[in-house]
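S.K.: There's a structure below that I have some questions on.
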């Protein structure tokens, strides 16, 4: 977030290290994958069974309703992938990490836009609920419609100047009221209102501070380490550049001539005294080493803070994949509070707004509000499912060691274990895990096949015995006829 007054002709100062940028990009990418998984929906449409029963619906249609809601979830995720929502959210996450604030706008025609902190202001009440939002957009007079040009009334040389468009979003009672103005003139066609949970403007903050309208950035908490790392890295870089300079010095009172030394090619034989020539050295190795050790310690602390796993894995010959996985889970679990805030202020309003936009575009059917409600299933909920998976595996492994695998197979419901494990991993079990009816049908088919296989040898034996009896009878008839 540049300082005030920064323009297109200005130039930002280039730092001497990129650990901060690497940490911000890594943390923003991990947050994006946790909040918007690419291969699975980040929300689920839950059915209120009690409200469904009150409507008189039969419980047998519950599976059909859930299958239809799953198709709605897939349609919403396809809309997110098609309209490139992830690109805008990744930009917003980087602004949240650095400046602590960002404003997301989701218009009726789809897509998403991000307002930076210098382009909007927000006011909240004591509970943190948003009351007022105001945005500022800089437009060109030539891009305005004829109606707005007549309303603004800009002519002549001033037509080339930029025009500021202000959008006000005010909360009154149970609705949001929106209007726009240019140069203090309200635009009548811009007036409108939205329900509380359908606001297209979503103000975001990285951390919640009681009594403050804006959030605090993640970088602010580690600003001391970043500044110390920058100063030490600058000292190391500049000192290394000075130490890398090779400079030969010749004793002015010696017999060796500086010109002869400079003009002699490699391997030449010249007259001179080696004692007259010396090389300039800084002899600052120990001082550089102290700075380098301090830089390494600061990098380790920043690696823990920004989830840079490569910087916090222990240096050893054998580092197992399980150790790295456990370390990653431990680091990501430290951001549980952040996941909770973003799921409340980003994911849930985004889902509600997406459903409204897709209904207006006639891409989704109308859903009953009192029966179907969206529930976020990623972020801190995903971390909780990961802990459940770990406990589940530890339970089965410990039980197998204590009582044996046969006792586990006797007392544990395997189908329920598969369902819980798939749920913890976020995998859909529909048509993947066999139902009890399918298993019973397959068991019956296997039993019938076994009975048929058992019946075939018996039938063959019976036929062979009949053939042998018939053969013996024929032989006896031939013997009787020969004796006669």
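The values are calculated or read from the model by the stated rules, or taken from the named source; none is laboratory data. Values in this document were obtained by computation on a predicted structure and should not be read as measured data. Cβ coordinates were reconstructed from backbone atoms using ideal geometry, including for glycine residues, and neighbour counts include every protein chain displayed.
S.K.: Please state which one of 34, 21 is within 30 Å of residue 369 (Cα to Cα), part of a helix (DSSP H, G or I) and at pLDDT 75 or above.
M.R.: 34
S.K.: List the number of the failed condition for residue 356; all other conditions in (1) at pLDDT below 80; (2) surrounded by 13 or more Cβ atoms within 10 Å (Cβ to Cβ) hold.
M.R.: Single failed check for residue 356: (1).
S.K.: Of the numbered conditions (1) crowded, with 18+ Cβ neighbours inside 10 Å; (2) in a loop (DSSP other than H, G, I, E, B); (3) modelled with pLDDT of 80 or more, residue 95 satisfies every one except a single condition; which is it?
M.R.: For residue 95, the exception is condition (2).
S.K.: Looking only at helices (runs of 4 or more DSSP H) that fall completely inside the stretch 258-353, which ones have 3 or more residues that are within 22 Å of the chain's Cα centre (by Cα) and modelled with pLDDT of 80 or more?
M.R.: It comes to 285-305.
S.K.: Looking at the stretch 359-384 only, could you name the residues that are surrounded by fewer than 16 Cβ atoms within 10 Å (Cβ to Cβ), at pLDDT below 75 and closer than 21 Å to residue 338 by Cβ?
M.R.: 384
S.K.: Please verify whether residue 462 is in a helix (DSSP H, G or I) and modelled with pLDDT under 65, treating the condition exactly as stated.
M.R.: Here the answer is yes, as residue 462 does meet what is asked.
S.K.: Also: Within the stretch 243-258, restricting attention to residues that are out of contact with any helix residue (DSSP H, G or I) (no Cβ under 6 Å at 6 or more places or on another chain) and surrounded by 11 or more Cβ atoms within 10 Å (Cβ to Cβ), which residue is nearest to residue 346 (Cα to Cα)?
M.R.: Ranking the qualifying residues of the stretch 243-258, first place goes to 243.
S.K.: Please return the ranges of strands (runs of 3 or more DSSP E) entirely within the stretch 112-153 where 1 or more residues are modelled with pLDDT under 85 and more than 17 Å from residue 346 (Cα to Cα).
M.R.: 130-140
S.K.: Given the structure, is residue 258 touching a strand residue (DSSP E or B) at 6+ places or on another chain (Cβ under 7 Å) and assigned by TED's automatic domain parsing to the domain that holds residue 228?
M.R.: Considered against the rule, which asks whether it is touching a strand residue (DSSP E or B) at 6+ places or on another chain (Cβ under 7 Å) and assigned by TED's automatic domain parsing to the domain that holds residue 228, residue 258 comes out as yes.
S.K.: Against the conditions (1) surrounded by 15 or more Cβ atoms within 10 Å (Cβ to Cβ); (2) modelled with pLDDT of 90 or more; (3) in contact with a strand residue (DSSP E or B) (Cβ under 8 Å, 6 or more places away or on another chain), where does residue 44 fall short? Just the number, please.
M.R.: Going through (1) surrounded by 15 or more Cβ atoms within 10 Å (Cβ to Cβ); (2) modelled with pLDDT of 90 or more; (3) in contact with a strand residue (DSSP E or B) (Cβ under 8 Å, 6 or more places away or on another chain) one by one, residue 44 breaks only (2).
S.K.: Here is a further query. Can you tell me which residue is surrounded by the fewest Cβ atoms within 10 Å (Cβ to Cβ) among those in the stretch 175-209 that are part of a loop (DSSP other than H, G, I, E, B) and in contact (Cβ under 8 Å) with a residue 24 or more places away in the chain?
M.R.: 183
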